[in-house]
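The structure appears right after this line, and notes come after that.
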């Protein structure tokens, strides 16, 4: 299986368990996704040097720039990595904003994380995913000025300009806005071809 697929499988597991656990309890509530943005950054580097005692690895990218990283024990056997091996690093960040018509859902913050590592006997590989859901309550909608005022669980409010003013027409005072931020980073080591 390709590395990118592994990252996305873990991300999807975290996202589905986070949102579906809410959806399972609130089947009658309507959830509408207002926006979704995601960025995927891929970096390929070659192992330039390895200090097996300190687990410090020097990587060199295609432009000749080097960086030193310390490989965690949980990532796998560093002894399986040799100078010249290739390291693929992927970073994914996504933000999703949803509207929920619910008087039962409370403002607050819910988070979760998942980690998947390679077989300890193989070359190091690891995927780490974290997700945070921030639930806010709509306090005021100003269609003329394209503004919405949101309130958090502590009662703090903030007024923001809508990126898409049409979305303001979809909600009403008292509805909830769920902002879901997902971050994932993964890497794997392969032999040079």
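Here's the yes/no breakdown for (1) exposed (fewer than 15 other Cβ atoms within 10 Å of the Cβ); (2) within 25 Å of the chain's Cα centre (by Cα):
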position	(1), (2)
32	yes, yes
40	yes, yes
46	no, no
74	yes, yes
84	yes, no
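When only residues in segment 86-101 that are over 22 Å from residue 184 (Cα atoms) and crowded, with 18+ Cβ neighbours inside 10 Å count, which is nearest to the chain's Cα centre (by Cα)? Explain how you work it out, then say what you get.
Step one: filter segment 86-101 for residues over 22 Å from residue 184 (Cα atoms), giving 99-101.
Right, trim to crowded, with 18+ Cβ neighbours inside 10 Å and you get 99-100.
On the way: 99: 20, 100: 21 Å.
It comes out as 99.
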Qualifying positions in segment 49-81 - farther than 16 Å from residue 122 by Cβ, touching a residue at least 24 places away in the same chain (Cβ under 8 Å) and part of a loop (DSSP other than H, G, I, E, B): 52
Single match in 21, 28 (criterion: closer than 20 Å to residue 183 by Cβ and either modelled with pLDDT under 90 or surrounded by 13 or more Cβ atoms within 10 Å (Cβ to Cβ) (or both)): 21
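Yes/no per residue for (1) more than 20 Å from residue 101 (Cβ to Cβ); (2) more than 21 Å from the chain's Cα centre (by Cα); (3) surrounded by fewer than 16 Cβ atoms within 10 Å (Cβ to Cβ):
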| position | (1), (2), (3) |
| --- | --- |
| 131 | yes, no, no |
| 137 | no, yes, no |
| 149 | no, yes, no |
| 154 | yes, yes, yes |
| 161 | yes, yes, yes |
| 164 | no, yes, yes |
| 167 | no, yes, no |
| 174 | no, yes, yes |
Residue in segment 112-123 that is surrounded by fewer than 16 Cβ atoms within 10 Å (Cβ to Cβ) and either over 30 Å from residue 70 (Cα atoms) or free of Cβ contacts under 8 Å to residues at least 12 places away in the same chain (or both) present: no
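The values are calculated or read from the model by the stated rules, or taken from the named source; none is laboratory data. Note that the coordinates shown come from a computational prediction; the quantities given were computed from them, not determined experimentally. Glycine also receives a Cβ, built like all others from the backbone with ideal geometry; neighbour counts cover every protein chain displayed.
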